[in-house]
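Peer 1: I'd like to ask some things about the structure below.
The values are calculated or read from the model by the stated rules, or taken from the named source; none is laboratory data. All of these numbers come straight from a predicted model, not from anything done at the bench. Ideal geometry is used to build each Cβ from the backbone, glycine not excepted, and the neighbour counts take in all protein chains shown.
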Amino acid sequence: MRLNEATTLATDRIVLRPYRRWHVPRYHEWMASEEMQQATASEPLTMEQEYEMQQSWRLDEDSKSAFAPKQPVAHDDSSTMLGDVNLFLHEADPETDPEDDGLRRSEPETATPTPRRPPRPPRAEMEIMFPPTPSFPARSGIATHTLQVFLSYAATELRIPPRSFFARIGFDNEKSLGLFRKLGFVEGKRVEVFREVELVWPGENDTTWPWEREPGWKYDVLTDPRNEERD
């Protein structure tokens with residue numbers, strides 16, 4: 001996403017960086033695994049295709065990909081990368097008005113115009129991928145922490161309420177299902193044809209995330225300029 005291509009998010013546990021060219025070889029290595037292909041419902045790509053995908057993500061107006069390496073880490077060191085987290089924006093589902101059958105009717109000239117509803121915010125689809133690596137111990141809480149940071153930043157930066165966020169996860173991907181449910185997401189619908197569950201945020205009127213009210217919650221937003229030759 002061009003809006004955030006030079007933004008890094010940091011806490012005392014992780015650093016989230018935009019997806020850069022020097023991330024590609026490590027990402028390509030991860031995605032060569034059949035386990036990861038199945039978990040992410042994706043097909044293997046060549047290295048050249050991975051570089052093309054990285055470029056398209058950088059220029060895309062509707063998605064952002066960031067990685068979660070541990071601190072400390074050199075600017076272009078991908079050896080401590082742990083995974084990625086992504087955001088894809090979709091147009092809001094059209095509201096169904098039971099009194100509107102789609103026909104335009106003439107109103108008396110003296111009638112008070114019906115106020116227009118404000119436009120609904122876009123729907124924000126979240127994805128997170130942490131391949132099994134020795135540097136990523138199970139039950140470390142890093143995946144949960146990463147998703148909390150990214151959700152907080154995305155909701156604030158893009159001014160999208162929590163209710164607009166959702167995740168589509170395969171029936172058999174118990175790790176991802178458990179992660180989003182742990183944060184408070186609930187099942188919205190099941191898509192049998194794709195064997196996917198759509199998890200949604202249940203708080204219709206929530207304006208903040210619950211973890212943002214915890215003592216000591218914070219993350220830093222840092223400027224991370226992109227180097228045209230390297231990144």
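Peer 1: Of the conditions (1) modelled with pLDDT of 95 or more; (2) more than 18 Å from the chain's Cα centre (by Cα), residue 229 clears all except one; give me its number.
Peer 2: Residue 229 satisfies all of (1) modelled with pLDDT of 95 or more; (2) more than 18 Å from the chain's Cα centre (by Cα) except (1).
To keep it simple, each residue is scored yes or no on (1) modelled with pLDDT of 95 or more; (2) assigned to a loop (DSSP other than H, G, I, E, B); (3) closer than 16 Å to residue 88 by Cβ.
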| site | (1), (2), (3) |
| --- | --- |
| 132 | no, yes, no |
| 152 | yes, no, no |
| 159 | no, yes, no |
| 163 | yes, no, no |
| 167 | yes, no, yes |
| 177 | yes, no, no |
| 187 | yes, no, no |
| 190 | yes, no, no |
| 211 | yes, no, no |
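Peer 1: Ok, one more. Is it fair to say residue 215 is assigned to a loop (DSSP other than H, G, I, E, B) and modelled with pLDDT of 90 or more?
Peer 2: Here the answer is yes, as residue 215 does meet what is asked.
Peer 1: Moving on to the next point. When only residues in the stretch 36-67 that are of a type in the set (D, E, K, R) and without any contact (Cβ under 8 Å) to a residue 12 or more places away in the chain count, which is farthest from residue 124 (Cα to Cα)?
Peer 2: My answer is 48.
Peer 1: Further question on the same structure: For the stretch 176-196, give me the residue count where each residue is surrounded by 16 or more Cβ atoms within 10 Å (Cβ to Cβ) and within 16 Å of the chain's Cα centre (by Cα).
Peer 2: The qualifying residues number 6.
Peer 1: Then there's this: Given the structure, is residue 128 assigned to a strand (DSSP E or B), among the hydrophobic types (A, V, I, L, M, F, W, C) and under 18 Å from residue 81 (Cβ atoms)?
Peer 2: yes
Peer 1: Name the pairs: first residue in the stretch 10-34 and among the small types (Gly, Ala, Ser), second residue surrounded by fewer than 17 Cβ atoms within 10 Å (Cβ to Cβ), Cβ to Cβ under 9 Å, at least 6 apart or on different chains?
Peer 2: Note: pairs meeting the criteria are 10/71; 10/220; 10/221; 10/222; 32/44; 33/132.
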